[in-house]
Each structure stands twice: as structure tokens, then as C-alpha cells.
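J.: Structure below; questions to follow.
Each value in this text was obtained by applying a stated rule to the coordinates, not by laboratory testing. Keep in mind the model is a prediction, meaning the values are calculated, not measured. Positions of Cβ are backbone-derived with ideal geometry, glycine not excepted, and every protein chain shown enters the neighbour counts.
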Amino acid sequence: MAKYLLVSFKTCPWVQRAAIVLREKNTPFEFRHIEPDNRPDWFLAISPHKKVPVLRIDDTVSLFESNAINEYLDETIAPRLHPDDPVLRALNRAWTDYVPTFAEYVTGMAYADDEAEFKKCAEKIPIAFERVERALEKQNAGPFFNGAKYSLVDAAYAPFLQRYFFLDRIRPIGLIGQYPRLKAWADTLLKRPSTHSFPEAELEVLYRLNVKRRKKWLSQFVAEAAVAAA
Ligand SMILES: N[C@@H](CCC(=O)N[C@@H](CS)C(=O)NCC(=O)O)C(=O)O
């Protein structure tokens, strides 16, 4: 078997997405966490956009971009997570392409400078939630995006659904309950061991620290929420 090194920032959802697929495929890998503010030269040499994740294979090849990494892993390591049916596969890829927009809408409020902007960002969440709710209605009866079988779509959304709950626990948003399929899907994914690179409470603390350090409008609520959770 090839040797895999996954280069990461501990809280990066895009890295988490690749780590999930490696775990779903029971593939051992070295997880190497680097600091965003101190990216080593060896990393800068293998990451064209200076971003994580990078998947280094056999100390020779470096793949970047979480979607490309996951497509590669799915082509090369069993079990196949993509559906066999080409139409379903195309639909899965289309919904995976929606992830950056979903992420921007669902976690955008963490970057708002003031309360007005925060509220404006929060108004975008139902747009993303509604679209995925409709897709879940069309595609399946759960528990996963395609129904009974776990797919790359599940791996792609899980980190961002998790971060919605992190945000909701800092400043309650309370929207997801209005989207029963999405809520059930999120609950399923969060219970799945492959979703987690770290114990969830540990990641949540790191996430809150990031929010606090960012010094945006939401940052003021972090200390309070962190104490409440302890
Ligand atoms: N589209 C990329 C996004 C990766 C990404 O944004 N990674 C962040 C960390 S979560 C990063 O490395 N940011 C550093 C930077 O932008 O310089 C992917 O899917 O892999």
C-alpha cells in the first residue's frame, strides 16, 4: 500500500474532508499538523497555493485541493464511495461543487464585522439549507446523501455542518430544525466516527479560539459560550 501524509491545520474543514475519506477507506495515514502562521519551507515547496490540505504520496507526489484529493482516493482505494450509476455520480459531483457556496453561506457570519453584517450573513443560511433540503428530498430516504450508502458528498458536507453547530453554540441561530432532512443528515454524519479527526469537544475549543482571535463581531461571545460549555 502507498504511504500517505496528510498535511493539515488542525481546524481546517477542507483537510477534515480528506481525512474522512481516508478513514472511510480504512487507510492508514500520517496526519501532520502545521501552524497557519508558520508554514515550513518543505510545505511551501509542495503546496502551490500555500494551502492545506496537501496529500503527499510515497514521498514523491503531492496532491492539493480537497475535492481533487478525494476523487483520487476514490479512484485508487476501495471501497468506491462514488455511485456506480453515471447520472447519480454526476449529481453527486454537482452537489459537491456546491460545498464552497454552502460553506460561505453557513459559516460567513463568523467573519462579520458588526451586528448588521452578522444578521445579513445569517439571512443567507436558509438559502443554502433550503437547497440541500430539496436535494435530500429528491435523492433519498436517508440516512446518507444517496440513501443507504455513504458517499463523497457526505464527506464533503460533514465538516461544514459540524461548524454550523459550533457557531450555533456561540450565538444561537436555531435554523437547522426547520430543515428536517438536513438536520437528520447532519446528526447522522456527526455521529459517524470517520467525521472526527479529534474528539469533538477538543476541536470545538480550537474553533472558538480561532473565532476569538479573528476579532470579528462574533468574537465577543466566545468566552461566555466556552465557559457555558465547560
Ligand atoms: N479549495 C481548497 C480550500 C483549502 C483552504 O482554504 N485551506 C485553508 C485552511 S482551512 C488554507 O490553507 N488557508 C491558508 C491560506 O489561504 O493562505 C480545498 O478544498 O482544499
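J.: Using only alpha carbon pairs under 8 Å that are at least six residues apart, calculate the relative contact order of the stretch 62-138 and give it in whole percent.
T.: Relative contact order of the stretch 62-138: 18 percent.
J.: What is the pair-distance distribution P(r) of the stretch 1-98, computed from all Cα-Cα distances in 10 Å bins starting at 0, with each bin given as a whole percent?
T.: 15, 48, 28, 8, 1
J.: What are the lysines whose alpha-carbon lies under 27 Å from the alpha-carbon of Lys51, with same-chain residues fewer than 8 places away excluded?
T.: The reachable lysines, counting only those whose Cα sits under 27 Å from Lys51, are Lys3, Lys10, Lys25, Lys124, Lys212, Lys215, Lys216.
J.: What length, rounded to one decimal in nm, is gained on full extension from Thr60 through to Leu209, with 0.36 nm per residue of separation minus their alpha-carbon distance?
T.: 50.1 nm
J.: So if I restrict to the alpha-carbon atoms in the stretch 108-230, what is the Rg, and what is Dmax, the biggest pairwise distance, in Å?
T.: Every Cα atom of the stretch 108-230 included, Rg and Dmax give 15.1, 42 Å.
J.: Okay, next question. Under a plain spin-label model, where a point goes 7 Å from the Cα along Cα-to-Cβ, how far apart in nm are Lys50 and Ala78?
T.: 4.3 nm
J.: Continuing with this model, one more query. Please report the orientation-averaged projected area of the chain, defined via the convex hull of its C-alpha atoms, in nm².
T.: The directionally averaged projection comes out at 12.6 nm².
J.: Okay, next question. Would you mind calculating the relative contact order of the stretch 1-116 from Cα pairs under 8 angstrom and at least 6 residues apart, reporting the percent as a whole number?
T.: Answer for the stretch 1-116 is 25 percent.
J.: Given contacts defined as C-alpha pairs under 8 Å and at least six residues apart, what's the relative contact order of the chain, whole-number percent?
T.: Numbers: 284 pairs, mean separation 48.0, N = 230.
Here the relative contact order equals 21 percent.
J.: If you scale each eigenvalue of the Cα gyration tensor by 5 and take the root, what three semi-axes come out for the stretch 33-143, rounded to whole angstrom and sorted largest first?
T.: They are 30, 26, 8 Å, listed largest first.
J.: Give the order of His33, His196 when sorted by the count of other beta carbons within 10 angstrom, beginning with the fewest.
T.: His33, His196
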